Amino acid sequence: MQLLFSEREGRERAPIGGLPDGIVAVTVPVRRDGKGYVPRNRRGQPNIDVVDLIAEGPTNAYEPPAVLDSRELIFALEAGRRGWATIVEYFGPSRAQEAAIALVRTGGVILRCAVDDVLDLAQPLSWRRSHSWSLMHIDILHDLRGRPDPDALRRELVKLMAVIPQLDAERALLEGVAPGSPLRVPPSSATLAGAWSVYEHAVRAAIVWLPHQAKNADKMTANDLAGRAFLDSKAWTPEREAAFVNLIGLSFDQAVDKADTDLRLRGPLRWSLGSVAADASVAVPWISLPARGLRVAGDVECRADGVLIVENADTFEKVCKVPGLPDKWLCIWGEGYSSDGMVHLLRDLDRPVAAWGDLDAHGIQIINVLEGKLGRAVFPLGMDVYLWQKTPHRKNQQPKSAEKDKKLAAKLARIGPVTLRPLAAEIAKYGGSCEQQPIQEQVLPQLPRLLQDVLEGVVHA
């Protein structure tokens, strides 16, 4: 479906009659507690008053329909949403529906329609510009309206890149563009960008960041880099971040300090924004992606059987190297307590979730909090009483901190995850904290089997 990953929640194909060829109808979700649900009546049957029409199969990022001229394409591109009365006024009553259906077929817009009592289309209500067209609409509008001298802009970038050896290959690609060509991303660009504006921002950021990095200066913030490179500290978008990362060969959180929480991922997940792609299945040892951006922009494909969350960064890297494990499981390190971005991603993926945390009160609490946010079970691995009893505990824990942990453990022994209550009771009674490093070699060889048991319904404490 031509929908954002986060928008698919609460949608399913709707059995609507009278649809044009190449078009399918999907339900419009109702929102409750921040989640989308298929609208249903009291008998549990779909209650469909409105639907969204989308292309039946995959579409190209931007392939305008032949029936629209440049002026009409500008109308379709320049506003994110149009009411049907405005569309009819522009195209006229005889062409409005033809233009709308053509745009739906090519992936340009999503058309919302009312449905009658016999589940046939009744009346178009509005359209909104699709995500793929929105990613490039600024560049395309510039092309349609006429943009200031493309050759001058390319020469400017070439000149700026000339003093940065790391960008020699990218500069050579730009120099190879024929004079007079429209502004397009050079073929084989390391940015993998599909839109010129994304490409230009990635290159300008690299032009500022690479010399700064070469001086071993303090790490720049994302806003500082954007302010210097783009003259706008709010100009970062998820697709620009991804293109910049592809160009410099370093994850965004390693390159700059930023506000959005990053998730380290390894496994069968691919995130695409236009033609900019990040593939966690081939990243070595892992890839870092923005939790918020991953959910609200681009398209996510995930073939994982389940999700494994690892609390400790060092342990996470070793988990990523367990043979065969990242082929079936999406492994995530989110730095301690789960961010809202991670929680929303886990909800959207709707896969079994396992977690391997430290053997202490906070390791149990992390899982307890995550279960509460998800509203379903999280399966703990490598966190049993036997391991806690026989493993050396962390030394030099402050008495006040140890006492607070015992109180938290006592609470979790009563209300925490059921399978972890025996461990919480031991911690409440004796105190102590055991991190993951001392038990890695005991748990890592068992992980594939433990995770298979999770899929088969066996819960391990």
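Readers should treat all values here as calculations from the given coordinates under stated rules, not as data from a laboratory. Keep in mind that this is a model prediction, so the values were computed, not measured. Please note: Cβ atoms are built from the backbone with ideal geometry, for glycine as well, and neighbour counts cover all protein chains shown.
Computed values, structure above
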{"item": "Cα-based convex hull volume of the stretch 80-227 per residue, rounded to whole Å³", "result": "169 Å³"}
{"item": "Per-residue [θ]222 nm for the chain (sum of -39500 (n - 2.57) over DSSP H runs n ≥ 4, rounded to 500)", "result": "-12000 deg cm²/dmol"}
{"item": "Ranked list, fewest to most other Cβ atoms within 10 Å of each Cβ, for 251, 130", "result": "251, 130"}
{"item": "Whole-Hz couplings from phi, Karplus 6.51/-1.76/1.60, listed for the stretch 277-287; x for Gly and Pro", "result": "10, 10, 10, 6, 7, 10, 5, 10, x, 7, 10"}
{"item": "Compactness relative to 2.2 N^0.38 Å, alpha carbon Rg of the stretch 261-455", "result": "1.03"}
{"item": "HN-Hα J in Hz across the stretch 174-189 - Karplus 6.51, -1.76, 1.60, θ = phi - 60°, x for Gly and Pro", "result": "5, 5, x, 6, 5, x, x, 6, x, 6, 9, 5, x, x, 6, 4"}
{"item": "Amide proton proximity set for residue 130, modelled H, under 5 Å, gap of 5+", "result": "109, 110"}
{"item": "Built amide H within the under 5 Å cut-off of residue 257, gap 5+", "result": "220, 221, 222"}
{"item": "Whole-number Å³ per residue for the convex hull built on Cα positions in the chain", "result": "179 Å³"}
{"item": "Per principal axis, descending, Cα span of the stretch 5-140 in whole Å", "result": "49, 31, 25"}
{"item": "P(r) tail fraction, the stretch 148-238 - alpha-carbon pairs more than 19 Å apart, %", "result": "41 percent"}
{"item": "Between 0 and 90°, nearest 10: helix 96-105 axis offset from the chain longest Cα axis", "result": "40 degrees"}
{"item": "Signed unit charges on C-beta, dipole axis of the stretch 5-140, positive-most listed residue 88, 65, 54", "result": "54"}
{"item": "³J(HN,Hα), Karplus 6.51/-1.76/1.60, whole Hz, each residue of the stretch 38-49, x for Gly, Pro", "result": "5, x, 9, 8, 5, 8, x, 8, x, 10, 10, 9"}
{"item": "Subset of 318/407; 321/390; 318/390; 318/404 violating a 24 Å alpha-carbon distance limit", "result": "318/407; 321/390; 318/404"}
{"item": "Cα long-axis angle, helix 196-214 against the chain (0 to 90 degrees, to the nearest 10)", "result": "40 degrees"}
{"item": "Angle between the chain longest axis and helix 399-415 axis [Cα atoms, degrees, rounded to 10]", "result": "70 degrees"}
{"item": "Sequence-distant residues sharing a close amide H with residue 360 (under 5 Å, placed H)", "result": "434"}
{"item": "Per-q log10 I(q)/I(0), the stretch 300-393, q = 0.16, 0.22, 0.24 Å⁻¹ (Debye; single scatterer per alpha-carbon; no solvent)", "result": "-0.66, -1.20, -1.38"}
{"item": "Gained length - residue 172 relative to residue 155, 0.36 nm times residue gap less alpha-carbon distance", "result": "5.0 nm"}
